[in-house]
1. Tally up the residues in the range 92-139 that are surrounded by fewer than 17 Cβ atoms within 10 Å (Cβ to Cβ), outside any helix (DSSP H, G or I), at pLDDT below 80 and small (Gly, Ala, Ser), please.
2. In the range 3-51, which residues are closer than 16 Å to Pro62 by Cα and of a type in the set (S, T, N, Q)?
3. Residues Gly30, Gly58, Gly86: which one is modelled with pLDDT under 95, more than 17 Å from Leu112 (Cβ to Cβ) and in contact with a Gly (Cβ under 6 Å, 6 or more places away or on another chain)?
4. Tell me, yes or no, whether the range 9-23 has at least one residue that is out of contact with any Phe, Trp or Tyr (no Cβ under 6 Å at 6 or more places or on another chain), assigned to a strand (DSSP E or B) and farther than 18 Å from Val119 by Cβ.
5. What do you reckon, is Arg27 within 15 Å of the chain's Cα centre (by Cα) and among the basic types (Lys, Arg)?
6. Take the residues in the range 5-53 that are surrounded by fewer than 16 Cβ atoms within 10 Å (Cβ to Cβ) and of a type in the set (A, V, I, L, M, F, W, C); name whichever of them is farthest from Ser126 (Cα to Cα).
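The values are calculated or read from the model by the stated rules, or taken from the named source; none is laboratory data. Computed from a predicted structure; not experimentally measured. Because the Cβ atoms are built from the backbone with ideal geometry, glycine has one as well, and the counts that use them run over all protein chains shown.
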Amino acid sequence: MATVELRFSAQPEHVRTARLVAAAVARRAGVEEAVLDEVRLAVGEACSRAVGLHRSNGLTAPVRVVLTEEDKVFSIEVGDEVPGPGGGSADAVSGMDAVLDSDVEAEDEMGLAVISGLVDDVEVTSGESGGTIRMSWPVSGSSDLP
């Protein structure tokens, strides 16, 4: 199992870098070329959401992106450090209602809708230590990663 971890300051200008890294690692992991745009867009939305949550809550902690290649699956996990209600799986939108004002909440809903439209296998969790969006795609061939 090969893993790449990326951490970046919660600044919008770093989202593009995360998208480029995710697409490059996905390509090397064997994700089909036709799906790479979806990977890039989904990671961009997830990272933008995390950046927005950090900034609206005054957090200076970095956004975390973990890219993992397993046998037949390539997965990406984008994590924020904004505390949510309870642990485990949570409704992605209602779990943030107490934290977000209505404008940020609407952007959050839109971003999650875009992600779920792009990725078949997506899971959103929220807990005391922050939230995570996990996305995965099938891998078609063998990997070039060491």
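1. Qualifying residue count, the range 92-139: 1.
2. The answer is Ser9, Gln11, Thr17, Ser48.
3. Gly30
4. As a first pass, look at the range 9-23 and keep what is out of contact with any Phe, Trp or Tyr (no Cβ under 6 Å at 6 or more places or on another chain): 9-13, 15-23.
Checking which are assigned to a strand (DSSP E or B) leaves us with none.
So far as the range 9-23 goes, no, none of its residues is out of contact with any Phe, Trp or Tyr (no Cβ under 6 Å at 6 or more places or on another chain), assigned to a strand (DSSP E or B) and farther than 18 Å from Val119 by Cβ.
5. Here the answer is no, as Arg27 does not meet what is asked.
6. Out of the qualifying residues, it is Ala34.
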